[in-house]
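Working notes, beginning with the structure itself.
The values are calculated or read from the model by the stated rules, or taken from the named source; none is laboratory data. Only a predicted model underlies this, so the values are computations on that prediction, with no experimental measurement involved. For neighbour counting, all protein chains shown are included, and Cβ atoms are generated from backbone atoms with ideal geometry for every residue, glycine included. Calculation scope for accessible area: heavy atoms of the full protein, side chains included, ligands and nucleic acids excluded. Shrake-Rupley method; radii C 1.70, N 1.55, O 1.52, S 1.80 Å.
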Amino acid sequence: MTRPVTVRFAPSPTGHLHVGNARAALFNFLFARKNGGKFMLRMDDPDDERSTAEFAAAIEEDLDWLGLKHDIFARQSERLEAYEAAAEKLKAAGRLYPAYESAAELDRRRKRQLARGLPPVYDRAALKLTDEERAALEAEGRRPHWRFKLDHEQVAFDDIIQGHVAVDGASLSDPVLIREDGRFLYTLPSIVDDIDFGITHVIRGSDHITNTGVQIQIIRALGAEPPVFGHYSLLNGPEGKPLSKRHEAERFSLRALRAAGYEAIALNALLARLGTPDPMEPCLTLDELAEGFDLSRLGRSDIRFDPADLARANTACLHLMPYAAAAPRLQALGCDLGEDFWDTVKPNLVLFSDAAEWARIVQGPLDPIIEEKDFAAAALAALPPEPWGAETWGAWTDAVKEATGRKGKALFMPLRLALTGLTHGPELKNLLPLIGRARAEARLKGLTA
Ligand code: GLU
């Protein structure tokens, strides 16, 4: 029987989520949606030193904002017994062994190996210790850390993004799974959870490829079948710097982008499609994104997150937003001037809140810019009577053209400056009926209105 697709997003609650983390969450969420599977949120917090409840709560809040709802939830700090049991199993099988070297000793050894041109791989000296030597070290007060004994063989897997991948166990140090103080490092809890929660696909960054080789060996040592793996290329900052750098992470944290006023769906759309052939295609819902989601369309080289792309994606998403969705938000901003207003201004919004500025321009008061009084007077004289509609602008500008002999930019720019006080903006054909005759008349006279 094939197992139902189950994937997980597994952040460590040691900081706020940034766009790179959001991409990991989104890929897994979309993969679950597309395959009718389940999406798990797992807090990788077995390390009680750096993980905090505040960061965990902030992660949930940020995912909520993105709309990435999870179906399954777990906290590693509540599952330590399962990890202890797995460690015992590995010890009994002779795959987890105690080692006593201090960090300084290991460092010296590494340097000696490098100086001799050897790869800095742990030499397994601890495996050669006799019972007496171990007892003597313990008597000195040393506590062991625990290493997994790798098989020195190739581990190969078919990655759904990278294709065929092979990791050579012989080129790696036996990984430390448990520290001297008894705390678990990331690897074992992650594997135990992936097994216990029936994770079918592990979709994560390409920085984990070597880990995957190691993890496949541990999974097999625990008597389980490895999941399918997919390693996507990493997202860097706009200058190509990794988002793991503190400064970049804060600059592109989800909180910062939310506070700046970006739409969650715009960010989702951009993150889902960066690195694919059509990165800027906007959308309105996560379901739409899930439908077109295909990990195999992702390229293999690292990609960049550029805030200018997010601004464009935001504009594109707002452009798709129907009035019914916009109305409550316009009301909250105190600028709901109706459906025609929304349809007129939305192509010109970078952020939703820009609508308030266009409402001010429609309703006034604003200071018109009149550069040529005679022209403005001629335009005023040609202003048609109300009611005004979609045809008014065309009829009026034809009349002004007739009266003044102007055309093109020389005709339209002075009218735009007089009516809006700006050189750019939504189409005047649509804006003019919203401004209405009384305000248009006053503005053409140079009055604040
Ligand atoms: N907590 C790990 C990380 O943030 C999870 C990696 C994984 O997906 O296995 O890197």
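The table below lists the values:
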| item | result |
| --- | --- |
| Positions within the range 45-78 being over 22 Å from Phe27 (Cα atoms), among the charged types (D, E, K, R) and open to solvent by less than 50 Å² (accessible area, probe 1.4 Å), in sequence order | Asp47 |
| Thr130, sole failed condition from (1) farther than 22 Å from Val214 by Cα; (2) touching a residue at least 24 places away in the same chain (Cβ under 8 Å) | (2) |
| Matching entry among Pro433, Pro426, Pro387 (being open to solvent by 20 Å² or more (accessible area, probe 1.4 Å) and in contact (Cβ under 8 Å) with a residue 60 or more places away in the chain) | Pro433 |
| Residue count, the range 1-30 (criterion: hydrophobic (A, V, I, L, M, F, W, C), in contact (Cβ under 8 Å) with a residue 40 or more places away in the chain, open to solvent by 10 Å² or more (accessible area, probe 1.4 Å) and more than 13 Å from the ligand (Cβ to nearest atom)) | 1 |
| Of the criteria (1) of a type in the set (Lys, Arg); (2) within 16 Å of the ligand (Cβ to nearest atom); (3) closer than 27 Å to Glu248 by Cα; (4) modelled with pLDDT of 95 or more, which one Arg79 fails | (3) |
| Count of residues meeting criterion [aliphatic (A, V, I, L, M) and more than 12 Å from the ligand (Cβ to nearest atom)] in the range 31-48 | 1 |
| Which numbered condition Asp151 misses (of (1) away from the ligand (no atom under 16 Å from the Cβ); (2) buried (at least 18 other Cβ atoms within 10 Å of the Cβ)) | (2) |
| Among (1) surrounded by fewer than 15 Cβ atoms within 10 Å (Cβ to Cβ); (2) outside any helix (DSSP H, G or I); (3) among the acidic types (Asp, Glu) - the single one Asp336 does not satisfy | (1) |
| Subset of the range 270-301 [small (Gly, Ala, Ser), closer than 12 Å to Leu235 by Cα and open to solvent by 20 Å² or more (accessible area, probe 1.4 Å)] | Gly275, Gly299, Ser301 |
| Residues located in the range 200-233, provided they are among the small types (Gly, Ala, Ser), open to solvent by 10 Å² or more (accessible area, probe 1.4 Å) and away from the ligand (no atom under 13 Å from the Cβ) | Ala221, Gly223, Ala224 |
| Residue within the range 51-72 that is more than 17 Å from the chain's Cα centre (by Cα), modelled with pLDDT under 95 and within 14 Å of the ligand (Cβ to nearest atom) present | yes |
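Residue by residue, here is whether (1) closer than 18 Å to Pro175 by Cβ; (2) assigned to a loop (DSSP other than H, G, I, E, B); (3) more than 38 Å from the chain's Cα centre (by Cα) holds:
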residue: Ser77; (1), (2), (3): no, no, no
residue: Ala86; (1), (2), (3): yes, no, no
residue: Lys91; (1), (2), (3): yes, no, yes
residue: Gly94; (1), (2), (3): yes, yes, yes
residue: Glu105; (1), (2), (3): yes, no, yes
residue: Arg108; (1), (2), (3): no, no, yes
residue: Lys111; (1), (2), (3): no, no, yes
residue: Leu118; (1), (2), (3): no, yes, yes
residue: Tyr122; (1), (2), (3): yes, yes, no
